[in-house]
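K.L.:
This is the structure I want to talk about, given as structure tokens.
FYI, it's all coordinate maths here, none of it is from the lab. Keep in mind that what you see is a predicted model, and the values were worked out from it rather than measured. Methodologically, a virtual Cβ is constructed for each residue, glycine included, from the backbone with ideal geometry; neighbour enumeration extends over all protein chains shown.
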Amino acid sequence: MTVGRLLWLLLALLAGNALATEKVRYCDYPVYPPISWSDGKQVRGLAPSVVKKLFGELGYEVEIVVLGNWKRCLLDAAEGRVDVVLAYSTVQREQSMLFSSVPVLREEVALFINRQHPVTFERLEDLAKYRGGLLFGESYGVEFDRMVALNNNIEWVSDSRQNFGKLIRGRIDFITQERRTGQLYIENLPGAQDIVALPTALSVDYLRVAVSRLSPLATRMPQINAQLQRMVDAGDIERLLNESEVTYRDMINLPANEQ
């Protein structure tokens, strides 16, 4: 083998290794089972599973970044410190992030209330007279955000269990929560027998892959959308969601010393 040939092979090997180790920094705030949660050792759920599979198929290694609250994740994505989050698309967020045209999941946002403290809800304006609880960084549409700003009737926290605890004790009147996630929380939450979701949905939205406009991945949105569509068509998203729900229920039902 000639020296030139050997050098070419060495350069090709180095280039291949560089490509294989290229990382995607994905930020998650794991308090939304079955979408994402922490088992105390790692982040689990639909969202990290989708991100790992999606970007793995595109040749990337995924590094999961966990921050103190959801607002921090969005801020880090906006400023380019992380590449990817999974989020709802809003006008404000679109200024700093590119959202996939192919949604990961349809989500119904519901109001969770305490039956001991009934809430009347038919339209958004009805909530102005009640006290609600949200997580830092959460947004449920322009109209909802405007109502919150005008009435200053939301208590912001960083943990969903804290929110549901306040609802159980009657310190707040409602929680705005994705219906699937809220139902999983109250299944095994002590004292939550009177916590129910109202049948009327606040809104329906779609969880999407959001890429920072400052990330090198911003140029790969066509490939990201194409791969997401392949995953949807193959039933991967539905399968991962079902697996996530089963895993979360199994974890919750484990004795404390086995978790």
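K.L.:
At a Cα cut-off below 17 Å, give the lysines reachable from residue 23, other chains included and same-chain residues fewer than 8 away excluded.
P.N.:
Excluding near neighbours in sequence, the set is 52, 53.
K.L.:
Among 149, 78, 128, which one moves the most in a GNM of the chain with springs linking Cα atoms closer than 10 Å?
P.N.:
Maximum fluctuation in the GNM of the chain, among the listed residues, is at 149.
K.L.:
Still on this structure: Output the antiparallel fraction of DSSP beta bridges having both residues in region 107-204, as a percent to the nearest 5.
P.N.:
Given both bridge residues lie in region 107-204, the antiparallel proportion sits at roughly 60 percent.
K.L.:
Something else: Rounded to the nearest 5, what % of the DSSP beta bridges within the chain are antiparallel ones?
P.N.:
Of the beta bridges lying entirely in the chain, close to 65 percent run antiparallel.
K.L.:
While we're here: So how strong a dipole does the chain carry about its Cα centre when Lys and Arg Cβ are +1 and Asp and Glu Cβ are -1, to the nearest 20 debye?
P.N.:
420 debye
K.L.:
Quick one: pull the percentage of alpha-carbon pairs in the chain with a separation above 25 Å.
P.N.:
For the chain, the fraction of Cα-Cα distances above 25 Å is 49 percent.
K.L.:
Also, I was wondering about something else. Within straight cross-link reach of residue 166, meaning Cα distance under 14 Å, which aspartates and glutamates are found once same-chain residues fewer than 8 apart are removed?
P.N.:
Reachable aspartates and glutamates: 155, 194.
K.L.:
Let's see if you can work this out: charge +1 on each Lys and Arg Cβ, -1 on each Asp and Glu Cβ, no other charges. What is the dipole magnitude of region 107-204 about its Cα centre, in debye to the nearest 20?
P.N.:
340 debye
K.L.:
What number, rounded to the nearest 500 deg cm²/dmol, is the helix-based mean residue ellipticity at 222 nm of the chain, given -39500 (n - 2.57) per DSSP H run of at least four residues and division by all its residues?
P.N.:
Estimated from H runs of four or more residues: -12000 deg cm²/dmol.
K.L.:
For region 120-196, divide the Cα radius of gyration by the Kirkwood radius and give the resulting Rg/Rh value with two decimals.
P.N.:
0.95
K.L.:
Pick out, from 184, 221, 195, the residue whose Cα sits farthest towards the positive end of the charge dipole of region 143-259, with +1 on the Cβ of Lys and Arg and -1 on the Cβ of Asp and Glu.
P.N.:
Farthest towards the positive pole: 221.
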